[in-house]
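Below is one structure, written out as structure tokens; comments come after it.
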Amino acid sequence: MKNRILLSFLCVLLIGGCAAQPQTPPASDDLPAPSALPEKTIPQSALMSESPISPTNLDDYLFLDDVLYFDLRSPAQLAEEGSVAGFVNIPFYGVLVDYQREDNVLYRMTKVRDDSGKVIAQMGDVGSFFPNYEESESLVRDLFPQDQPIVFISTAGVEAAYIICLLEQLGYDGSQLYNAGTFSNGMGNIIAYKDYPEAKYHVPGTNVYTVASQFIWNETLTPVQDE
């Protein structure tokens, strides 16, 4: 990752200190044997319901050398709800994408209509993301290398679907982008990772912190002028 990107978490202490989230496997005598990620049945799908990786089997596919792992929830959610060991937190909302133009947020997403008013891309679909800065695409490419498989997890699997659609819009191979589903809130018959009783690499959260976060792009960004 290039040096021009800096993520700053500001933690306000209530009780105890800010605990670091482990990024390596916890000690265990029965770690799963290394394995490759399973192939996606529908390569371009961003849906967690069509993903071969879910909260119930995610632990089997962690800590692979050539795979990147990202958690798209907010820092406050990580502090309170916990996390999955080995995942890097890059918040989706307020950093990568939002519903309207916001300072220091790279993209906004909106419905796209043709000249007759017919919706041709729903919000969050491929084609519905618009850069706020001229540097937005290059910064996303810095954060998410295009030559490695990537596993995403989010609150309920929705933000993971959105980021996959954004990356596909930028030309990424959807077969290498995995929506591992929900961490916080189960959806349909898909359980939340934090509620899965056999979640070996669940790092428990705590409610003793008030967490504020600020994402700082360590360069001057050039706003895109709307036509």
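The values are calculated or read from the model by the stated rules, or taken from the named source; none is laboratory data. Remember, it's a predicted structure, so these values are computed and weren't measured experimentally. Because the Cβ atoms are built from the backbone with ideal geometry, glycine has one as well, and the counts that use them run over all protein chains shown.
Residue-wise test of (1) more than 16 Å from residue 220 (Cβ to Cβ); (2) over 15 Å from the mean Cα position of the chain (by Cα); (3) of a type in the set (Val, Ile, Thr).
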{"residue": "107", "(1), (2), (3)": "yes, no, no"}
{"residue": "120", "(1), (2), (3)": "yes, yes, yes"}
{"residue": "125", "(1), (2), (3)": "yes, yes, no"}
{"residue": "129", "(1), (2), (3)": "yes, yes, no"}
{"residue": "134", "(1), (2), (3)": "no, yes, no"}
{"residue": "140", "(1), (2), (3)": "yes, no, yes"}
{"residue": "144", "(1), (2), (3)": "yes, no, no"}
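Quick grid of which residues meet (1) over 16 Å from residue 154 (Cα atoms); (2) at pLDDT 95 or above:
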position	(1), (2)
6	yes, no
14	yes, no
29	yes, no
41	yes, yes
69	no, yes
73	no, yes
77	no, no
Quiz item: Any chance region 184-206 includes a residue that's without any contact (Cβ under 8 Å) to a residue 60 or more places away in the chain, surrounded by fewer than 17 Cβ atoms within 10 Å (Cβ to Cβ), among the polar types (S, T, N, Q) and out of contact with any Pro (no Cβ under 7 Å at 6 or more places or on another chain)?
Solution: yes
